Every structure is written in structure tokens, then in C-alpha cells.
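K.L.:
First the structure, then my questions, so here it is.
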Amino acid sequence: MFRLWLICALLLCSFLSEAQNDFDKIVQSERKSFQHLCRDERAGAENNTNVIYQRLSLRANPWEDSISGSVTTYFIPAAGIPYIEFDLTDDLTVDSILYHGDTLSFSHQNEVIHIAFPTSLTPLQTDSIKVVYHGVPGNSGFGSFIQSMHDSVPVIWTLSEPYGAKDWWPCKQNLQDKIDSIDILVTTPDSFRVASNGLLVGEIHHGNEVTFHWKHRYPIATYLVCFAVTNYIAYYDYVPFNGDTLPVLNYVYPEHLAESQLNTAKIVPMIQLYDSLFGVYPFSKEKYGQAEFGWGGGMEHQTMTFITGFGFELMAHELGHHWFGDKVTCASWHDIWLNEGFATYLSGLCYEHLDPKWWESFKISRINSAVQEPHGSVWCDDTANVSRVFSSSLTYNKGAMVLHMLRFELGDSIFFVALRNYLQDENLAYSYATTNDLRQHLEAASGKDLQEFFNDWVYGKGFPSYQITWQQDFANQVQVSIEQTQSDPSVSYFEMPVPIRLKNAFRDTTIILNNSSSGQAYKIALPFIADSLLFDPEYWLISKENTVSRKSAYDFLFSIYPNPVGNSLQIEFQSQVDQNVEMEIYNDAGQLISKQTFAVTQGRNITQTETGGFSGGVYHLTVKAGGKRYHASFVKAKN
Ligand SMILES: [Zn+2]
């Protein structure tokens, strides 16, 4: 899930009071959704069965805000259970419960339907039950069931994450048991089309109505079940795929058709990129789909993302969820970063590989967002605070950059192997994963103990600030010292490799320093005189307010290049004062070949001398400056 106007509100709220009001409304709506979340974690329908199949047979007319129909559930009881329960808002009315042709009595209160069986069920024997219901759905979270308008045409869409599924259908609303397969049939007036999960296997017209039959044969978390109805226009993009093609089904508003057709095809190279990095698209026997809706963002409904506009980053984010979030789903809301941190990072990978001019600014903006929370962790430690659960700073952006740091720490090849292993783990694929499951795969692939990394960066709070001091001595040796402070006392030290770049106008070199304590010092033999040191020039690290200071270690330095020399020798002086410098060049036999005087100014000076007439051999250069002599040798290749 990715909410565009939340991000906009975050950016603008300090400037515009209207935006502040919007942001307050968002926080209120999220808090409301979270109250549902808390209640569900405490109570909700009892999970005493394995749900293997559900069939939703619904009637929904976008001109009306009501729903009616039935949900048939096939399940395997874990034991000889005497009852079964479903989650359903009290706003909806249960008409009847059908079981083996009989009607059963039930209770429906506190958002749970409780149905007692005539006799306890046989353990591990597949059974089924049907709930018939109707009414005006509830509305929690991000708007579980919305009736709205576009271009004077009505539209209905669902968005159940995190706990809104029970607002519109009787379900098992938990993150423990995926529905192994599902059919969704929606009947609506025949001027409309229905978007949903899986493959469209039937479009049955009867009178003025049409029934769309969608069939999905992959395990699916309850919050990813969806449908939307309006006057959609449908068209396909195609992804070349294993000598075949994967269809991408687009359902768009007619008034946006031309614009949408320009943008939806950008999904094709994204799918190919994720295929290559993370393994084949997880729902390849069916389709990928994108259906327009009016929420202001995107929601990664399995095989049918709902989306506003078709922006590059938003499409990349929701598509990325189909590997991280849909195929492997966070096992609890504490682990929500396994969905959102990954989807955010995958949109960055699309920039890196497909539109690289935006890759650096992507990383800079994620770091800038992550350091907005000096006392927050990636792992969601406070599910009572909704702005914490859905924190763009911590869950999305710090989560994404923590993945980037793991990539830096482990290297590309091991990092991506570990992620492929995580996605293919038979205990996690098409099921649920914890933060610890991810860590175990990263450790298995790398052979590294990542407990400290996860303690600091995932469970620990805040980030480091680095203070770098450096100097270069007469022999061009560079000494670097790294000190670190932490924004939160929960982490005593962020042990990380620290990349630095030493450079001048002509040359640079990037060096990675393994840093595990404050004040740690390093010596680097540098073949040139550096005029500056850049900290983390490629934006690998989450850090803030870093300083780089240079200590003066010399009165005068010089260096020469290239060596061996051709027709011209470059001479670089670095001087603390303005002065005249005398330079003499001798051949290997000790004969003076050339003598020059240079007026050198304070700082860095570059000059050159002709060597085209020199014969092949070794030469010795002496520089006199400030009453001292400095020496160097070079080789002139044979002509
Ligand atoms: Zn998302």
C-alpha cells in the first residue's frame, strides 16, 4: 500500500495550514483503523480451522451503497470443534447459515458470527458452510468499501488492509491462515465491469445484469481479497516471459484511457526486472492486473492492484508487493516493514536499473525521511499508535534503507541470493514471515552473524552521526579518524562499514573503512594529494549531521604523474604559504637536465614540464621550498 496524499501532506504540512488539517484527518482515520486492529488482535473470530477455499457470490450496484450475497467456506477443523466463527461487522445483517442443506442458528455480536454445529466436527475432515448476508458495509481504516463517483459515473471499490475485510464480507480476518483458493462472483448492472483477483473465467449476462466470475488458485491473505465495479475499459499489456507472455490486464476509467495507455506499459520492464532479481512473478499462471480507483495511492490486491494514476514509482511499489507482501506476507503488524520497506526499496531498484538519473535522489530522500525520527525503530514496537504502524519515515523509508545497508554489508550477489531463498522457502512462500525469518536467510547465505545489525538497525532506535577527521602527510599517507554519536540511547554503537572518497580535481578513490568504535583511526597510502574527503558519497548509510574536518599535517607537499612519463610531467604542489619553489631534474648519472622556478600560491597548484626530449631512463627530481628539499623519481620510457 502506498498513499500518495499522505506523503504530500507530510511534505506540505509545515507550510500550509490546510495541509495540516488534511494530515490531522489522515491521522484520525488511521487511528480509527487501528482501533479495529487492536480489537482484532485481542478478540475476533477464533482460528480453529484451516480455510482451504472460499466462494464469494455477491450483488453490488455502484449506484447503491449496499451489498448482498453469500460466502461459502470450505475448511478443515483442527480438532473436533463444536463451533466455527467468522468476522463480520455488526453493520451487516446475517440472513441465514446453511450447513449440509440445513439452516443453523447463530449469534452475531461484537463483529463475530458464532455458529454452533449440531455435533462436534470430525477432526481433519473437510467440511463447508455458507453465510448469507446483506446490508450497508462498514467503513474503517482506509475505507474498506467505498461508493464514489468519477466523471458522473458511480464506482465501488474495496480496500481491506489492515482490518477492513469484515466490513464487507464474512471472513477469517487473521494473518495466520491464507485462503488456499477463492472464487469471486459479482453481479452488477450490465453497463459496468467488475475487477477482482485471479482470472476472469465467466461474464454471464442475464436480463439487464451481468455476473463476473473471477477465479484465483493461489493462497491469499484475507486483506488482499478485493473487487471494484464501474464502467471500466479493459486492455492488456504483455510481458515477454519464458518464451511466452504474461498478460497485464488494465481496467481504467474511460476518461483516462489515452493517458493510461501511455503509462501502464511501463510495468513491463519492471516485471522483467523483478523476475530477474527475485524469481519469476509469483502468480504467473494467472495475470498481473491494475484497476483504477479513487483512493489516492495504490493497494497491492493480489494479481489486481488498485491504483490512482499510473505513476512510475507507485506502479513499481505495488508490483513489488507481489513478491514482498503478497507471496510472502508479514506475519504480524509488528513486521509490517517486511511488506512496506521492501516495496519501497523495490521502487528504488526500478530507478537504479530502469531510470538511473533518479536513483541518487531516491536514496537521499529516503535517508532524509528516515532521520526525521531520531527515536524510532523499523520494527513496529508500538502498535497502539497508528502513525507509528504506518510511519512513512520508519516502516517505509528507514525500512528500505536498512535493506540497502544490508546489501552494502553483504554485497550484491549474496544479498539477492538470500532474498530469493527467502521468497522460495517452502515455509514462507505463499504464507507468512517474521523479521527473524528474513534474518535467518541473510545469515545462511552470507555466513555472517547479523544479530548485532538487526539489534541496531531493525529493533534499535535512531541513527548515527559521524565526525570524520583527516590529514595527509609528507609521504601522501592519509590518516582518518571516525567518531560517532547516536540519536537514541537504545543503540550503543552502529557498527558499519563507512565509505569515504578522497579526491582532487583530477583523481579520486573510494575506500570502505570497517568501523566498530568511536575514535577508530585508519592509515591509507594514497598515490596523490587529496584536497577533500567525502563521507558516504553514494548514499549507503542512514546518518545525519555528519562533519568532515581536515587537520593540517604539512607545510608543503608535492607529487608527480604520470609515471612512467611521456612528453609532459605534471607536478602538483600543495603549499601553506605563497612562495617561490625551485625544481631541478637530474638523470641517473647525476647530470642536471633541467632547472625551473615556480611562483606557488597558498593551496593547490598544478604545473607541468616538458619531457619529450628526455631519453629513456630513470630521472630524479628535487624541489626546494621553505628551506627544505623534497625528492621524487620518475621513469621516461624509451622513445
Ligand atoms: Zn505498500
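The values are calculated or read from the model by the stated rules, or taken from the named source; none is laboratory data. Here the structure is a predicted model, which is why all the values come from computation and not from measurement. All Cβ positions, glycine included, derive from the backbone under ideal geometry; neighbour counts span all protein chains shown.
K.L.:
Within region 421-438, does at least one residue satisfy the condition of being outside any loop (DSSP other than H, G, I, E, B), farther than 20 Å from P499 by Cβ, within 16 Å of the ligand (Cβ to nearest atom) and aromatic (F, W, Y)?
P.N.:
Scanning region 421-438, I find no residue that is outside any loop (DSSP other than H, G, I, E, B), farther than 20 Å from P499 by Cβ, within 16 Å of the ligand (Cβ to nearest atom) and aromatic (F, W, Y), so the answer is no.
K.L.:
May I pose another question? Would you check which residues across region 202-227 are small (G, A, S) and under 26 Å from the mean Cα position of the chain (by Cα) and list them?
P.N.:
Narrowing region 202-227 to residues small (G, A, S): 202, 207, 221.
Within region 202-227, A221 is the sole residue that qualifies.
K.L.:
Also, I was wondering about something else. Taking interchain pairs and intrachain pairs at least six residues apart, which have beta carbon atoms under 6 angstrom, with the first residue in region 375-400 and within 19 Å of W540 (Cβ to Cβ) and at pLDDT 85 or above and the second within 13 Å of the ligand (Cβ to nearest atom) and charged (D, E, K, R)?
P.N.:
Final answer for the pair search is Y396/E340.
K.L.:
Assuming L262 fulfils every condition listed in (1) within 21 Å of L419 (Cβ to Cβ); (2) surrounded by fewer than 22 Cβ atoms within 10 Å (Cβ to Cβ) apart from one, which condition is it?
P.N.:
Single failed check for L262: (1).
K.L.:
Among what's in region 265-312 and is among the polar types (S, T, N, Q) and not in a helix (DSSP H, G or I), pick the residue that is farthest from W214 (Cα to Cα). If you could, list the steps in order and put the result at the bottom.
P.N.:
Taking region 265-312 and keeping what is among the polar types (S, T, N, Q), we get 272, 276, 284, 290, 302-303, 305, 308.
Narrowing the set further to residues that are not in a helix (DSSP H, G or I) leaves 284, 290, 302-303, 305, 308.
Details: S284: 16, Q290: 15, Q302: 12, T303: 11, T305: 15, T308: 22 Å.
Checking each candidate, the answer is T308.
K.L.:
Go through (1) within 11 Å of the ligand (Cβ to nearest atom); (2) of a type in the set (V, I, T); (3) closer than 21 Å to V248 by Cβ for I336 and report which single condition fails.
P.N.:
Going through (1) within 11 Å of the ligand (Cβ to nearest atom); (2) of a type in the set (V, I, T); (3) closer than 21 Å to V248 by Cβ one by one, I336 breaks only (3).
K.L.:
Among the residues of region 475-489, write down those that are assigned to a loop (DSSP other than H, G, I, E, B) and surrounded by fewer than 15 Cβ atoms within 10 Å (Cβ to Cβ). Before you say what the answer is, go through the steps one by one.
P.N.:
Here is the first cut: in region 475-489, the ones assigned to a loop (DSSP other than H, G, I, E, B) are 475-476, 487-489.
Of everything in region 475-489, those that are assigned to a loop (DSSP other than H, G, I, E, B) and surrounded by fewer than 15 Cβ atoms within 10 Å (Cβ to Cβ) turn out to be A475, D488, P489.
K.L.:
While we're on this one: Within the set of pairs 6+ apart or on separate chains, which have a first residue in region 241-265 that is on the phi > 0 side of the Ramachandran plot and at pLDDT 95 or above, a second that is part of a strand (DSSP E or B) and aliphatic (A, V, I, L, M), and C-beta atoms under 8 Å apart?
P.N.:
none
K.L.:
Right, G309: closer than 30 Å to Y163 by Cβ and at pLDDT below 95 or not? Outline the logic, then answer.
P.N.:
On the way: closer than 30 Å to Y163 by Cβ: yes; at pLDDT below 95: yes.
So G309 fits the description; yes.
K.L.:
Then there is this: Among the charged types (D, E, K, R), touching a strand residue (DSSP E or B) at 6+ places or on another chain (Cβ under 7 Å) and more than 16 Å from the ligand (Cβ to nearest atom), is that true of E409? Walk me through it before giving the result.
P.N.:
Values: among the charged types (D, E, K, R): yes; touching a strand residue (DSSP E or B) at 6+ places or on another chain (Cβ under 7 Å): yes; more than 16 Å from the ligand (Cβ to nearest atom): yes.
Yes: the conditions hold for E409.
K.L.:
Just give me the residues in region 308-320 being within 13 Å of the ligand (Cβ to nearest atom) and out of contact with any Asp or Glu (no Cβ under 6 Å at 6 or more places or on another chain), in sequence order. Give the derivation first.
P.N.:
Here is the first cut: in region 308-320, the residues within 13 Å of the ligand (Cβ to nearest atom) are 313-320.
Listed by number, the residues that qualify are E313, L314, M315, A316, H317, L319, G320.
K.L.:
Follow-up question, since we're still on this one. If I ask for residues that are surrounded by 19 or more Cβ atoms within 10 Å (Cβ to Cβ) and in contact with an Asp or Glu (Cβ under 9 Å, 6 or more places away or on another chain), which ones from region 268-287 would you list?
P.N.:
Passing the criteria: Y281, P282, F283.
K.L.:
Within the group N421, N427, N476, N436, which residue is over 30 Å from Y630 (Cβ atoms), more than 19 Å from the chain's Cα centre (by Cα) and of a type outside the set (D, E)? Talk me through it step by step, then tell me what you get.
P.N.:
Numbers: N421 fails: more than 19 Å from the chain's Cα centre (by Cα); N476 fails: over 30 Å from Y630 (Cβ atoms); N436 fails: more than 19 Å from the chain's Cα centre (by Cα).
After ruling out the rest, the residue left standing is N427.
K.L.:
Here are F506, F494, F558, F528: which of them is part of a strand (DSSP E or B) and either within 33 Å of the chain's Cα centre (by Cα) or at pLDDT below 95 (or both)?
P.N.:
F558
K.L.:
Let me ask you something else. Can you tell me how many residues in region 596-616 are assigned to a strand (DSSP E or B) and either under 57 Å from the mean Cα position of the chain (by Cα) or at pLDDT 95 or above (or both)?
P.N.:
11
K.L.:
To continue, here is another question. For region 81-92, check the following and say yes or no: at least one residue is of a type in the set (A, V, I, L, M), assigned to a strand (DSSP E or B) and over 21 Å from I182 (Cα atoms). Before the answer, list the steps.
P.N.:
First, pick out the residues of region 81-92 that are of a type in the set (A, V, I, L, M): 81, 84, 88, 92.
Filter once more, so that each one left must be assigned to a strand (DSSP E or B): 84, 92.
Add one more test, that the residue is over 21 Å from I182 (Cα atoms), and what stays is 92.
Yes.
K.L.:
Hey, another quick one. Out of region 435-460, which residues are more than 23 Å from E373 (Cα to Cα) and not charged (D, E, K, R)? Spell out how you get there, then give the answer.
P.N.:
Taking region 435-460 and keeping what is more than 23 Å from E373 (Cα to Cα), we get 436-450.
Selection gives N436, L438, Q440, H441, L442, A444, A445, S446, G447, L450.
K.L.:
Among residues belonging to region 249-259 that are surrounded by fewer than 21 Cβ atoms within 10 Å (Cβ to Cβ) and hydrophobic (A, V, I, L, M, F, W, C), point out the one that is farthest from L200 (Cα to Cα).
P.N.:
Within region 249-259, the subset surrounded by fewer than 21 Cβ atoms within 10 Å (Cβ to Cβ) is 249, 253-259.
Checking which are hydrophobic (A, V, I, L, M, F, W, C) leaves us with 249, 257-258.
Values: L249: 10, L257: 21, A258: 24 Å.
Among those that are surrounded by fewer than 21 Cβ atoms within 10 Å (Cβ to Cβ) and hydrophobic (A, V, I, L, M, F, W, C), it is A258.
K.L.:
Could I ask something else about it? When region 279-304 is examined, which residues are found to be away from the ligand (no atom under 16 Å from the Cβ) and farther than 17 Å from V225 by Cβ?
P.N.:
Across region 279-304, the qualifying residues are G279, V280, Y281, S284, K285, E292, G294.
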